[in-house]
1. What's the number of the condition Glu80 fails, among (1) over 20 Å from the mean Cα position of the chain (by Cα); (2) among the acidic types (Asp, Glu); (3) surrounded by fewer than 18 Cβ atoms within 10 Å (Cβ to Cβ); (4) farther than 27 Å from Thr260 by Cβ?
2. Might you let me know whether the stretch 80-94 holds any residue that is among the acidic types (Asp, Glu) and within 16 Å of ligand 2 (Cβ to nearest atom)?
3. Name the residues in the stretch 196-254 that are among the aliphatic types (A, V, I, L, M) and more than 20 Å from Ala7 (Cα to Cα), would you?
4. Here are the criteria: (1) of a type in the set (D, E, K, R); (2) closer than 19 Å to Ala143 by Cα; (3) part of a helix (DSSP H, G or I). Tell me which single one Asp244 does not satisfy.
5. I'm trying to understand the selection: among the residues of the stretch 44-62, which are out of contact with any Ser or Thr (no Cβ under 7 Å at 6 or more places or on another chain), under 16 Å from Ser11 (Cβ atoms) and either free of Cβ contacts under 8 Å to residues at least 60 places away in the same chain or small (Gly, Ala, Ser) (or both)?
6. Taking the options Gly126, Gly194, name whichever one is under 20 Å from Thr22 (Cα atoms), within 13 Å of ligand 2 (Cβ to nearest atom) and at pLDDT 95 or above.
7. Show the residue pairs that are 6+ apart or on different chains and have beta-carbon atoms under 6 Å apart, the first residue being within the stretch 208-224 and within 8 Å of Glu168 (Cα to Cα), the second being more than 16 Å from ligand 2 (Cβ to nearest atom) and not in a helix (DSSP H, G or I).
8. Pick out the one residue from Val247, Val236 that is surrounded by 15 or more Cβ atoms within 10 Å (Cβ to Cβ), without any contact (Cβ under 8 Å) to a residue 60 or more places away in the chain and away from ligand 1 (no atom under 16 Å from the Cβ).
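The values are calculated or read from the model by the stated rules, or taken from the named source; none is laboratory data. It should be emphasised that the depicted structure is a prediction, and the values quoted were computed from it without experimental measurement. Neighbour counts are summed over all protein chains in view; Cβ atoms, including those assigned to glycine, are modelled from backbone coordinates with ideal geometry.
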Amino acid sequence: MRIVSLASGSSGNCTLFVSENTRLLIDAGISKRQVLQRLEKVLGPLPRIDAILITHEHTDHIKDVGKVARALKCPIYVSEGTAPFLEPLLTGSEKLLLFKPEKGFQIRDLSIEPFRIPHDAAEPCGFLIEEESLFASINKRIAVATDLGTVTDEIRKKLLHCDLVMLEANHDIEMLINGSYPEDLKQRILSDIGHLSNDAAGQTLRYLSHKGRLRAAVLMHLSKNNNRPTLALKIVQEHLDGTDVSVAVAPRDRMSAVFTV
Ligand SMILES: [Zn+2]
Ligand SMILES: [Zn+2]
C-alpha cells in the first residue's frame, strides 16, 4: 500500500491510500482544486477514487467534501453522528454511506475499522485499514489517528498490530503554554478532548514498537504556532531511541513523501 498526505494540520487535512485495487481519501479539508491537483501528481490525470472517509466534522477535515465527492464521483463514508454536519456541503447528488464506530466494513480489498477517538466533535473517529494480501503471510495494517486529546487504552490496543501509524503530534507543551493563544484555547487543546502533544505521540509510538510490530510512523496535524517539524521529530525520535521505527512528518500545506508498507 502507498500512502501520501496531501495536507495535514489545522488549515486542512487529506490523506490518500492506494492499495492493489483500492484508492481512498481520508478527509477533504483542503480546496477541491488542491485535492485534484495533488491527486493528479500522484495518480495521473482524472484519477479514480473509490471513497472518501470522514474522521469528524471540523472544517479542516470536511471543507470541500461535497465538491470533491461530486468531482470524483465517489461515495462518502461518514459516521451516523457526523453525517448531519455534512449536509450544508452537499447537494443531494452524493452517495452517503453511514457507519458506526467499532463496526468494520469493506471497500474492495481493504478492511476498514473505524474507532472512537476523544476529541471535541460529535462522533470523531480514527481508522484502521488492513489490506488483504494474496502474497504476504501477514496482512499490512495502517492506522490513522489525528485530532485526539489522549490515547486511551482501547486506542493503544487498536494500534498495536499496525505496520505504519499516522499519529497526531500537534504541539510542544512548552510552546503552547508560553505562546500567545488565549487561555481557554490553550486549555481546550491540552484537554483530553483536544489535541495530542509531541511527547504523548512519542510515548504511544514507543509502546507500539515494543509491544507490537510498528515499523514506521508519520507525525500528523502539527500546529503552525505551537510546534516545529524539526522539534516534533526530535522529541518523538528521543522516545523511539533504540528502536528501528522510521519517523517522518506530514507537511502542513503541501504533499508528503510517498510512504510504502
Ligand atoms: Zn483537525
Ligand atoms: Zn478536530
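1. The single condition Glu80 does not satisfy is (1).
2. The answer is no, given that none of the residues of the stretch 80-94 is among the acidic types (Asp, Glu) and within 16 Å of ligand 2 (Cβ to nearest atom).
3. Ala200, Leu205, Leu208, Leu214, Ile235, Val236, Leu240, Val245
4. Answer for Asp244: the failing condition is (3).
5. Those that are out of contact with any Ser or Thr (no Cβ under 7 Å at 6 or more places or on another chain), under 16 Å from Ser11 (Cβ atoms) and either free of Cβ contacts under 8 Å to residues at least 60 places away in the same chain or small (Gly, Ala, Ser) (or both): Thr59, Ile62.
6. So the residue among Gly126, Gly194 that is under 20 Å from Thr22 (Cα atoms), within 13 Å of ligand 2 (Cβ to nearest atom) and at pLDDT 95 or above is Gly126.
7. Leu219/Val249
8. Being surrounded by 15 or more Cβ atoms within 10 Å (Cβ to Cβ), without any contact (Cβ under 8 Å) to a residue 60 or more places away in the chain and away from ligand 1 (no atom under 16 Å from the Cβ) holds for just one of Val247, Val236, which is Val247.
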